[in-house]
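Report on the structure given below.
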Amino acid sequence: MAAYNFDQFRKVLAHLNFQKIRSHKHETWRKILENGDILRVRVSHRHRRTIPKWLFYKMLQQAGIEKKSFRTILKKKK
């Protein structure tokens, strides 16, 4: 598995129209879906640090993103 960092995750969230709504101890990103559901993802301030594997998958789950989609979006953003 390729290792990803928190800055890369932010880029993908921004591309998917998540909005940063809070930046205190951690950043909170939110997206309101058409059906009214709200997705929330907490992101660390450790910008270029590698995301631990378990946390990366947890963040993907919170954002409703599949790993394949994440990689595709990240390639487009380079």
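Laid out as a table, the results:
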| item | result |
| --- | --- |
| Selected residue (only one of LYS11, LYS31, LYS68 is assigned to a helix (DSSP H, G or I), of a type outside the set (Asp, Glu) and surrounded by 14 or more Cβ atoms within 10 Å (Cβ to Cβ)) | LYS11 |
| Whichever residue in the range 49-65 is under 23 Å from ILE21 (Cβ atoms) and among the charged types (D, E, K, R) and, among such residues, is surrounded by the most Cβ atoms within 10 Å (Cβ to Cβ) | LYS58 |
| Matching residues in the range 3-26 - criterion: being without any contact (Cβ under 8 Å) to a residue 24 or more places away in the chain and either within 22 Å of LYS76 (Cβ to Cβ) or hydroxyl-bearing (Ser, Thr, Tyr) (or both) | ALA14, ASN17, GLN19, LYS20, SER23 |
| Matching residues, the range 29-50, being at pLDDT below 95 and under 11 Å from the mean Cα position of the chain (by Cα) | ARG42, VAL43, SER44 |
| Selection within the range 34-57 - among the hydrophobic types (A, V, I, L, M, F, W, C) and not in a strand (DSSP E or B) | ILE51, TRP54, LEU55, PHE56 |
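The values are calculated or read from the model by the stated rules, or taken from the named source; none is laboratory data. Because the structure is a prediction, the values reported are computed rather than measured. Note that each Cβ is placed from the backbone with ideal geometry, even for glycine, and that neighbours are counted across all protein chains shown.
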